[in-house]
1. In debye, nearest 20: dipole of the chain around its Cα centre with unit charges on the Cβ of K, R (+) and D, E (-)?
2. What three numbers, in Å, describe the spread of the alpha carbons of the stretch 1-76 along their principal axes, ordered from the longest?
3. For the stretch 366-429, build the charge dipole from Cβ charges (+1 Lys, Arg; -1 Asp, Glu) around the Cα centre, then report which of Leu401, Ser374, Ala422 sits farthest towards its positive end.
4. How high is the FRET efficiency from Asn73 to Ile111, r the C-beta distance, R0 25 Å, rounded to 0.05?
5. Let's test the formula: R0 of 51 Å, r as the Cβ-Cβ distance of Lys175 and Ser12. What FRET efficiency results, to the nearest 0.05?
6. In vacuo Debye scattering of the chain, one point per C-alpha: log10 I(q)/I(0) at q = 0.09, 0.14 Å⁻¹?
7. Report Rg/Rh for the stretch 199-307, rounded to two decimals, where Rg is the Cα radius of gyration and Rh the Kirkwood radius.
8. Where does the chain land at 222 nm, in deg cm²/dmol rounded to the nearest 500, when only DSSP H runs of n ≥ 4 count, each adding -39500 (n - 2.57), divided by all residues?
Amino acid sequence: MIEFNFKNVLNSVIEENGIEDSAVRSLENELVEARRSLNELRRSGEIGFYDEISNMGMVNDIKAASERFFSKNFNALYVFGMGGSSLGAIFLKEAMSGMLKGQKDGGANIIFSENIDPSYLKNNLDSIDFKKTLFCFVSKSADTIEVVSQFFIVKEILEKTVENYKENLIFITDKKSGFLRQYADENGIAVLDIAKNVGGRYSIVTAGTLFPASVMGLDIEKFLHGSLTYRDNILNKGVFENNPVYTMAAVIYLFYAKKKRNIFVPFVYGDYLREFSRWFRQLFAESLGKDLTSPTPVPAVGATDQHSQLQLYMQGPQDKLIGFFCLKDFGADYSVNSSGFNEFDYLNGKKLSGVLMNELKGVELALAINKRPSFRVTLDKIDEFNLGELSFMCMEAVAVLGMLLKINPFDQPGVEKGKRFAYLLMGRKDDSLSKESEELKRLNAVPDMLY
Ligand code: PA5
């Protein structure tokens with residue numbers, strides 16, 4: 001279960017910087033319309049994350065591949081993927097790492113490359129046993145430059161070091177098109193599909209995330225069951241009928257559109273939620289940042305960043321809305337024994353989780369006194385079911401926010417331009433780059449400003 005508390009956004013708490021409860025209620029028509037539009041996109045098959053979560057065929061394919069490769073041959077999985085094609089799996093790996101450690105038959109070692117820093121890649125490649133490693137290339141478009149260039153590097157090493165090296169490869173990609181799909185079909189490489197209608201940042205419910213998750217030992221059915229339960233709970237109710245995800249979307253929208261809060265801080269309390277905040281940032285930024293709209297997401301981790309960003313959030317510009325994400329149950333705990341140290345009497349016997357939560361509450365109170373809005377989202381605990389609920393809740397909130405902001409939360413036209421310039425600089429022969437070629441000439445006419 002996910003619990004929400006919006007008290008600290010109200011004007012009865014933070015006075016003129018807050019909003020009335022009725023302001024949220026007044027968005028009811030827009031929220032209903034947002035849900036209708038999303039339902040329509042779902043029905044017409046344009047967006048797939050609502051239904052991929054009940055795709056048992058996909059689950060069976062993932063489990064079969066996981067069993068085939070890891071029942072005997074391999075002990076490590078090296079995943080290459082960018083943005084949405086790796087952040088979901090990195091989030092689940094980190095969030096679950098505490099729990100997975102305790103498992104008897106712990107999953108395989110998983111390494112990620114979500115960048116093309118040659119030194120990082122070399123260090124990783126030097127430290128693994130190629131014969132025992134399955135190399136997994138995840139790309140929905142099947143031709144992302146970072147993924148493909150690393151594929152060529154790995155392939156060259158594999159050719160020299162491993163007999164039948166194609167057995168050490170798996171691609172997770174579009175069902176029909178793109179370089180990786182074609183290469184796999186022509187060379188008998190194992191492939192798992194990503195549904196056409198699920199974009200990268202919504203792909204936490206596809207094989208792109210769930211294959212690595214399954215290999216690391218996660219119960220992926222339990223994860224999908226969490227998403228499905230959340231989906232059915234919210235979609236079968238009115239937007240304000242015990243349905244706080246819509247209130248969350250409305251609150252973020254109102255503080256951005258009416259209160260000029262241009263920054264949204266997902267502030268997670270706990271180390272195992274750090275990568276969740278990076279996943280959420282990408283989902284939020286790439287979905288919403290278009291047509292000159294959207295708050296900028298800036299993630300933070302408590303209590304760590306209380307000693308880093310908090311000063312700015314407390315007394316800097318009044319331009320932020322903070323959403324705290326925390327846990328009821330941390331899974332493990334300590335009691336602090338400070339007896340005999342009078343100045344720390346107040347700590348004696350306290351649970352460490354209690355210290356952390358009191359720090360969070362202290363920050364919430366201080367923000368409220370400084371008339372700064374925040375709300376809190378509490379997850380019962382970290383397990384597959386709860387993470388399934390949390391990720392679905394975030395995807396729905398972002399999709400609804402997209403509708404409220406009147407933009408398309410499912411495309412990413414802005415990231416194309418930089419890629420096109422990179423292609424041009426690397427000498428790709430492509431007539432469609434003529435516009436960029438002209439633009440480059442104009443920019444190159446201005447001399448560098450070097451010091
Ligand atoms: O969310 C997105 O759509 C992007 O972040 C993509 O996931 C990222 O660009 C990688 O794309 P692809 O999976 O096509 O390689």
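The values are calculated or read from the model by the stated rules, or taken from the named source; none is laboratory data. No experiment lies behind these values; they were computed from the predicted model shown. Neighbour counts are summed over all protein chains in view; Cβ atoms, including those assigned to glycine, are modelled from backbone coordinates with ideal geometry. Remember, those area values only see protein heavy atoms, side chains included, never the ligands or the DNA or RNA. Shrake-Rupley method; radii C 1.70, N 1.55, O 1.52, S 1.80 Å.
1. Roughly 360 debye for the chain.
2. 63, 34, 18
3. It is Ala422, whose Cα lies furthest towards the positive end.
4. Values: r = 17 Å, r/R0 = 0.67.
So, using R0 = 25 Å, E works out to roughly 0.90.
5. Between Lys175 and Ser12 the formula returns 0.45.
6. -0.66, -1.37
7. Across the stretch 199-307, the Cα-based Rg/Rh ratio is 1.00.
8. On the way: 18 runs with 215 residues, N = 451.
Rounded to the nearest 500, the figure is -15000 deg cm²/dmol.
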